[in-house]
Every structure is written in structure tokens, then in C-alpha cells.
1. If I take every Cα pair under 8 Å that is 6 or more residues apart in the stretch 51-188, average their sequence separation and divide by the length, what percent do I get for the relative contact order?
2. Using the beta-carbon distance between Leu75 and Ser158 and R0 = 22 Å, what value does 1/(1 + (r/R0)^6) give for FRET efficiency, to the nearest 0.05?
3. What full-extension length gain, to one decimal in nm, is calculated for Asp62 and Lys168 as 0.36 nm per residue of separation minus the Cα-Cα distance?
4. Can you flag which of Lys160/Lys284; Lys174/Lys198; Lys156/Lys284; Lys160/Lys209; Lys156/Lys219 are past 29 Å Cα-Cα?
5. With θ taken as phi - 60° and the coefficients 6.51, -1.76 and 1.60, list the Karplus ³J(HN,Hα) couplings across the stretch 200-209 in order, rounded to whole Hz; mark glycine and proline as x.
6. From the Cα gyration tensor of the stretch 139-190, with a ≥ b ≥ c the square roots of its eigenvalues, which class applies: rounded if a/c is under 1.5, or else prolate if a/b is larger than b/c, or else oblate?
7. Given a 1.4 angstrom probe, what's the average accessible area per residue across the stretch 88-240, in square angstrom?
8. With a 10 Å radius around each residue's Cβ, average the other Cβ atoms per peptide and rank 150-158, 78-86, highest first.
Amino acid sequence: AWTSINLDISQSVSIHQTAVWWLDTDRKSYGFLGTTVCNFAGPRCCRVVCAPGSELYRGGKDAQKGRWPWIVYLLITDNTGSFSCGGSLLTEEWVLTAAHCVDPNDNPIPDRSSIRLGTHSLNEPSVFYRSISRIVSHPQYQKQHLALLHDIALVKMSKKVSFSSLVKPMYLPKPSDAFGPRSKCFIAGWGDVGNNVKLSGNRTLQELKLPIVKRSTCKKKFPDLTDNMLCAGSIKGKDSCLGDSGGPLVCPSSGVLVQVGIVSFGDINGCALKGFPGVYTRVKRYMDFISETITSDRQASAEA
């Protein structure tokens, strides 16, 4: 175990209970969480610290089986190691997630990564298991010190899946849809239920109700917030975190749940901090990217 770390001015440091993590722009630093040591780079550490897993803080409960038929579990392997992320099923072969989960700069390895669909408890079999055949990150995706710009990606599965009561595509927002603090929104994930407290038992999918936070309020907490982002969370400390990245923030519209956001990043000092919501990629701003990516792939496949 390490007892000290030498840092220079190119690095930013955050202490969060027993976890120490930092960012080195030349990608040569190491981070540790307890006795776990791993190599990483970039603002993944804002929300996806290099240790695998995720944290759905305070207030989460077991989701009813079949309530989240569109949610997927991604286990990604790249140059930094292996870690989990969330995602949502859009079609029989495409999954929506966060770009930082499949960061091209970290060289994700498709044949060593996997996707589970129709999953309720991680200790029980899923309906489908798939490898990855293609990753399309937004062309303007960029890591910044305290933010992730255009944090959205599409992942194509190696083989199509069929829909059922446990595996269904996610609805996306319509141009006329509007969501605010009165919207009853939810997130879900399979992560830790507290600081370094693993989800136990069958590791059943956890869900959490979250309010959308007013843009003016969020801007005060995150000055780098753009129109392509939105905030959700509770001033009492309810939040998504770490490997829950890429998962869907869903809100009701016209009688169905639609994906409003993608879990992206949060305060550098930790997750579920009172007064600090989480930041989500605003899906509505990327409908053209989603449509064009899937359509162009279908056209290319038809011509092949």
C-alpha cells in the first residue's frame, strides 16, 4: 500500500474519505482506492474513478424486475483497465452511453468488453450477452478539467437482440418535451450503495428518484455548464456516481418514460455531496447525432 504521493502542479488532487485520486495530463500517474491501484487519465475521475463499480448514494431501492427493460450493463476494458458503466438500448443493435465510458483516447478493446441486457440482478443470468463491434463517440467529445463536453456515444453490438418484456428499446424525447424541477425523474444502476459499500446479495438493480435542478442553480455550482448539459439530484445528497456513468436519466412524458439525460460527471470532491447535483448530457440536444449515426450504419450495411 502507498502511504504518500508526490504531485506536481500539472495535477489536481481530491481526497474523499479513504480514496485518493488525481488527474495527470501526461497520463503517467496512478490512483488508488484503498489498496486497489490502477492507471487512469482524464476527468473519468470526476465520476468514474478507476476502480470498477458505481455508487448510487442514499435512498436507492431494489427496482422491480422488468421496470427498466432498456437499461444495459457495460463492462469495458481499455488501456486503463476494466470498469463498469451503464447504458440504454435504442434499437436491436445500438446502445446509448457516455463517451467517457468508451473514450477513444484510452483505446477501448471491443473483444474484451461486454454488454448485458435484460439484467435484474448481476448474480443471476441476463437475457442477452453481447460483445461490441463498433463505437461511435461524438466528434466533439472533449475532456476538460472540471467538465466533459459532448459526453455521448453509441455502441453497436456484435449481434442483434430481440425485444421482450425484459428487453425493450428506450423512448427518446420529442422536440416539444420539456422537463423541470416538477418532473418525476429516475436513475438506476448496479453500484455501491455508499462510500466503499458494495451492493450485496444478488446485486439487484437499484433505482433512485431524482429532481431536475434549475439551470440557474446548477450554473452556480458548475460554471462550465453548457446548454448541452442538465443537472439532477437532491440537496440532501442523492446522486449517481462512478460506474453509473452512461446510464439513463428518465422522466415521464405522454404516459411513458423517456431518456432525458446520460450520467456524465459531478463535483470533483465526490458524489452525493449536499447541495451539489450530478451533471447529465442533455439527450434532446443530440437527436441528430443519434439518428445520423444509426441511419448511416444501416445504409453502409445495406450497400455491403
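The values are calculated or read from the model by the stated rules, or taken from the named source; none is laboratory data. In this text, all values refer to a predicted model and were calculated from it rather than measured experimentally. Using ideal geometry, Cβ is built from the backbone for each residue, glycine included, and neighbour counts are taken over all protein chains shown. Only protein heavy atoms, including side chains, enter the accessible area calculation; ligands, DNA and RNA are left aside. Shrake-Rupley method; radii C 1.70, N 1.55, O 1.52, S 1.80 Å.
1. After rounding, I find 26 percent.
2. 0.95
3. Length gained, Asp62 through Lys168: 36.2 nm.
4. Listed pairs above 29 Å: Lys174/Lys198; Lys160/Lys209; Lys156/Lys219.
5. So the J values, rounded to whole Hz, are 9, x, 7, 6, 6, 3, 9, 10, 8, 7.
6. Oblate, because a/c is 1.5 or more while a/b does not exceed b/c.
7. I get 47 Å² per residue for the stretch 88-240.
8. 150-158, 78-86
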